[in-house]
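Take a look at the structure below.
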Amino acid sequence: MVLHLGGQDVPLAQMGPDFIILKQALSHEARPVTTSITLTVDGQTEEIPVDFPQGIPAGQRRIALSEVPEAVAT
């Protein structure tokens, strides 16, 4: 699992339905951000758009997130 953040690929230790745990804490500005996570399981890769409503606070490893709903075709 990899979080894509401002041109940087950040390895994840764990991902739940409403949080991630970073392998190492980051020095990042705590502001809301929308980005994506690449998840690979058994050779299948999925790109998951996510939103960090409280940003990614510096020094924290467990970060709250919400999945960005896919656009609905009209």
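I need the trypsin sites (Lys or Arg not before Pro) found in the chain, filtered to DSSP loop residues with at most 16 other beta carbons within 10 Å of theirs.
Here the trypsin sites (Lys or Arg not before Pro) that fit, given the DSSP loop and packing criteria, are K23, R61.
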Checklist entry - What does the charge add up to near P53, with Lys and Arg as +1, Asp and Glu as -1, over the other residues with Cβ less than 12 Å from its Cβ? => result -2
Next on the checklist: Can you compute the radius of gyration and Dmax for the chain, using only the Cα atoms, both in Å?
Outcome noted: 12.3, 42
Checklist entry - Within the chain, which is the longest segment containing none of the GluC sites (Glu not before Pro) that sit in a DSSP loop and have at most 11 other Cβ atoms within 10 Å? => result 30-69
Next on the checklist: Multiplying the sequence separation of D42 and A30 by 0.36 nm and subtracting their Cα-Cα distance, what value in nm do you get?
Outcome noted: 1.0 nm
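Any read-out appearing in this document is the output of simple, stated calculations on the displayed coordinates, not a laboratory observation. Here the structure is a predicted model, which is why all the values come from computation and not from measurement. Backbone-built Cβ (ideal geometry, glycine too); neighbour counts: all protein chains shown.
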